[in-house]
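The values are calculated or read from the model by the stated rules, or taken from the named source; none is laboratory data. Because the structure is predicted, anything quoted here is derived from the model rather than measured. With ideal geometry, Cβ positions are generated from the backbone for all residues, glycine too; neighbour counts draw on all protein chains shown.
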Amino acid sequence: MTDTSAYPAAHTLEDFRRNLAQVHATIAAACHRAGRDPAAVRLLPVSKTVDEARIRLAYAAGCRELGENKVQEAHAKWEAMRELSDLRWAVIGHLQTNKARLVARFASEFQALDSLRVAEALDRRLQAEGRSLKVLVQVNTSGEATKFGLAPDQVPGFMRELPAFSSLRVQGLMTLALFSSDPARVRPCFVRLRELRDRLRQDAPAGIGMHELSMGMSGDYALAIEEGATTVRVGQAIFGARALPDSHYWPGLAAPDSQA
Ligand SMILES: *Cc1c(COP(=O)(O)O)cnc(C)c1O
């Protein structure tokens, strides 16, 4: 588990510029080690729990996309900042079908698709809104029972069902790695997602894209980039340490010490 005290809080425009520069430098260094082009890695800042005033500072520092774990929180922020018309919102947490309507209204992307019921609900709501939505399929690469996402061996069959939902633009896979400070335990999760993506790419159904790999967070994004991440979802390294424990977002998560 990462030592969250290592993440400096950002309360001023200068703070955000400094933290963002630091993260971009880490991305560039990881790309260099892996022989990858930094332009091929998208930074998605994650603003969950962060209030509107600080989000506006992040926007002023250049953020034009934000990831949020909880749909209602995301929707409320979108409403409050609608006049920032070039700011896009990605929902990156588990969705219940009764909230598909909200996602269909405002989100630019949904990274946690993990059931046909949610696919069906989203597709129906999107049709009603006259919109389409970029989606990633969430895969449980750590084998932890408490994590959301499909088991890797369920994904090929799942993918074959998705062309039926014409408002969903499927573009790849998302995962949360094992929470551990030991790279030897984290890295295999990222490798598993990349290998799954590569296999799926061979025979993806028409209209189903398989280029995106959304993996890596504040504690492990350099590792994820080394293993092929095309999107990294980084919260605390940009906004500062969160007060709430991660178990608030991933119910059932054991205490950090028992996982390291
Ligand atoms: C909170 C969250 C992140 C970012 O985690 P940090 O530790 O703040 O970088 C990434 N992905 C998901 C799904 C999250 O909920």
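Within segment 159-175, one or more residues are of a type in the set (Asp, Glu) and part of a helix (DSSP H, G or I).
If you go through segment 187-198 one residue at a time, do you hit one that is away from the ligand (no atom under 13 Å from the Cβ), more than 27 Å from Leu57 (Cβ to Cβ), touching a strand residue (DSSP E or B) at 6+ places or on another chain (Cβ under 7 Å) and part of a loop (DSSP other than H, G, I, E, B)? No - not one qualifying residue is present in segment 187-198. Just one of the listed residues (Pro205, Pro156) is assigned to a helix (DSSP H, G or I) and more than 16 Å from the ligand (Cβ to nearest atom), and it is Pro156. Considering segment 1-106, the qualifying helices (runs of 4 or more DSSP H), each wholly inside and each with 3 or more residues that are within 15 Å of the ligand (Cβ to nearest atom), run over 13-34, 52-60, 71-80. Number of residues in segment 62-76 that are closer than 13 Å to Lys99 by Cβ and surrounded by fewer than 17 Cβ atoms within 10 Å (Cβ to Cβ) equals 3. Of the candidates Leu122, Leu168, Leu176, the single residue that is under 23 Å from Gly216 (Cβ atoms), buried (at least 16 other Cβ atoms within 10 Å of the Cβ) and either in contact (Cβ under 8 Å) with a residue 40 or more places away in the chain or within 15 Å of the ligand (Cβ to nearest atom) (or both) is Leu176. Set side by side, the residues Gly228, Gly240, Gly235, Gly216 differ, and just one is within 16 Å of the ligand (Cβ to nearest atom), over 16 Å from His24 (Cβ atoms) and at pLDDT 95 or above, which is Gly240. Annotation: Gly93 fulfils all but one of (1) free of Cβ contacts under 8 Å to residues at least 12 places away in the same chain; (2) under 23 Å from Thr146 (Cβ atoms); the unmet one is (1).
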